[in-house]
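Report on one structure; see the data block that follows.
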Amino acid sequence: MKCLDSSFIIDFLRNKSIAVKKAESIQNEKLVTTRINFFEVMQGELRRHPVYDEHVSKAREFFERVEVLELNELNSFKASQISAKLIANGTSINTQDCLIAGIILMQGCKSIITNDADFKKIKELDVETY
């Protein structure tokens, strides 16, 4: 199972060749994303295209085709542990990335496809770039 992070989803939706090529290489894998990624992608699309248009529709259609993992109490607790451990070690990442990591790790997903280097700070994750 691999989680698609917002950076990958956005690049894929914008038809960037490097993301499309990566998508082709993982098409037979179980792919998931999170409700946090949904928020980040939709926020970006709506900021770029304030009137609901084909870009926003295309993003919504993407999320209908991939399993979206939800945030719950256990996932939130895991995210809190990740954040606290990073801070104790003298580093941190943004809250959304901690939440994404907490959600996917609690669902047994240890791999994330992203261009966000912050995920590399989470030792439990296998970070795949593209």
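What follows draws every value from the coordinates through simple rules; no lab data is involved. Every value quoted in this text rests on a predicted model; they were computed, and no experiment measured them. Cβ sites come from the backbone with ideal geometry, for glycine too, and all protein chains shown count toward neighbours.
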Residue in the stretch 104-120 that is in contact with a Gly (Cβ under 7 Å, 6 or more places away or on another chain) and not in a loop (DSSP other than H, G, I, E, B) present: no
What are the residues in the stretch 93-125 that are surrounded by 15 or more Cβ atoms within 10 Å (Cβ to Cβ), more than 13 Å from the chain's Cα centre (by Cα) and of a type outside the set (A, V, I, L, M), if any? GLN107, LYS121
Selection within the stretch 3-35 - of a type in the set (D, E, K, R) and closer than 26 Å to LEU46 by Cβ: ASP5, ASP11, ARG14, LYS16, LYS22, ARG35
Quick check: anything in the stretch 48-55 free of Cβ contacts under 8 Å to residues at least 12 places away in the same chain and of a type in the set (Asp, Glu)? yes
